[in-house]
Amino acid sequence: MKQLKGKTAVLTGAASGFGLACAEIAADAGMNLVLLDVQADALAAVAERFEARGVPLLAQTVDVSDAEAMDRMGQAVAERFGAPHFVFNNAGVGASGLIWEASVADWEWVLGVNVWGVIHGVRVFTPMMLAAAKADPDYSGHIVNTASMAGLLTPPNMGVYNVSKHAVVALTETLYQDLRLVTEQVSTSVLCPYFVPTGISQSERNRPQHLASAGQTNSQLIGQAMMGKAVQSGRMSAQDVAEKVFAAIKTDQFYIYSHPHALGTAQERFEAITGQTQPPDPFASRPHIGEELRAALRDNAA
């Protein structure tokens, strides 16, 4: 998809981070914007800013894990702008802690946003895009799903998040293959960022009350602190990642990485899989981090 002017972008998690950065680029390119986020106040502020620029806009507070809400959203988009051309299934939340300490509420919250949110985005908007492609030979569309390098790796003390992001990678790879069976006009990419300063380390602020945590365990507190430190130390910005997303859309690049050097660790994992060896040490290149985490968890367990 090379031409963006006059086309429509649907972005979830649009009030901050990658979603907002991609919305800025889309607006600059002359696209119509559909901005979806669960943070009502942040979304209202962002929408007001775009409206002041004269950007054609539809902004709604939506929980992407809610199937009925996403169905209604799809209808609203169709009525306002027709089929979208760029769908960015980006909303996500972070979670840390030893995998057996995660509560049912933890699993339901993280999988609800990170996995079901992407599922609903694909389920709702792909048929609209395919119908538009069938009706118009000049139509082109692209879906980008936000996963993570944690969708290619299995770092310890963040199992729930890992599971959710591995699911997004598998979903998107399959979506790519399925689309290739039926059309050349709609394609897809998976975004696998590493540590980039966004608000994901403060995800708890958006956890719904009915899935509230009964209290964080020591491993969850330790993991949250370490993740926050790692994310905030990232040198690549959300804007840098957004530019990579739009470059990938224009060239139909499937895998989008913020930090390609991290693929060395992924390669070690795949070599262990094909070589039938034990999973590799995730801290081999930075042993001090592993020692710090191990000591913190064992001290708290003593």
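The values are calculated or read from the model by the stated rules, or taken from the named source; none is laboratory data. Please read all numbers here as calculations on a predicted model, not as lab measurements. Quick reminder, even Gly has a Cβ in these numbers, built from the backbone with ideal geometry, and neighbours come from all protein chains shown.
Quick rundown of the values:
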read-out	value
Single condition D281 does not satisfy, out of (1) free of Cβ contacts under 8 Å to residues at least 12 places away in the same chain; (2) in a helix (DSSP H, G or I); (3) of a type in the set (D, E)	(2)
Given (1) in contact with a helix residue (DSSP H, G or I) (Cβ under 8 Å, 6 or more places away or on another chain); (2) at pLDDT 95 or above, number of the condition A95 does not satisfy	(2)
Any hit, the stretch 163-183, residues being in contact with a helix residue (DSSP H, G or I) (Cβ under 7 Å, 6 or more places away or on another chain), within 27 Å of A238 (Cβ to Cβ) and outside any helix (DSSP H, G or I)	no
Flag if V34 is in a strand (DSSP E or B), over 16 Å from the mean Cα position of the chain (by Cα) and under 21 Å from Q185 (Cβ atoms)	yes
Subset of the stretch 202-216 that is surrounded by fewer than 16 Cβ atoms within 10 Å (Cβ to Cβ) and among the polar types (S, T, N, Q) - its residue that is modelled with the highest pLDDT	Q209
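Rundown of residues vs (1) modelled with pLDDT of 95 or more; (2) surrounded by fewer than 15 Cβ atoms within 10 Å (Cβ to Cβ); (3) touching a strand residue (DSSP E or B) at 6+ places or on another chain (Cβ under 6 Å), yes/no style:
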| residue | (1), (2), (3) |
| --- | --- |
| A135 | yes, yes, no |
| S164 | yes, no, no |
| L171 | yes, no, no |
| L179 | yes, no, yes |
| V182 | yes, yes, no |
| V190 | yes, no, yes |
| I200 | no, no, no |
| M227 | no, no, no |
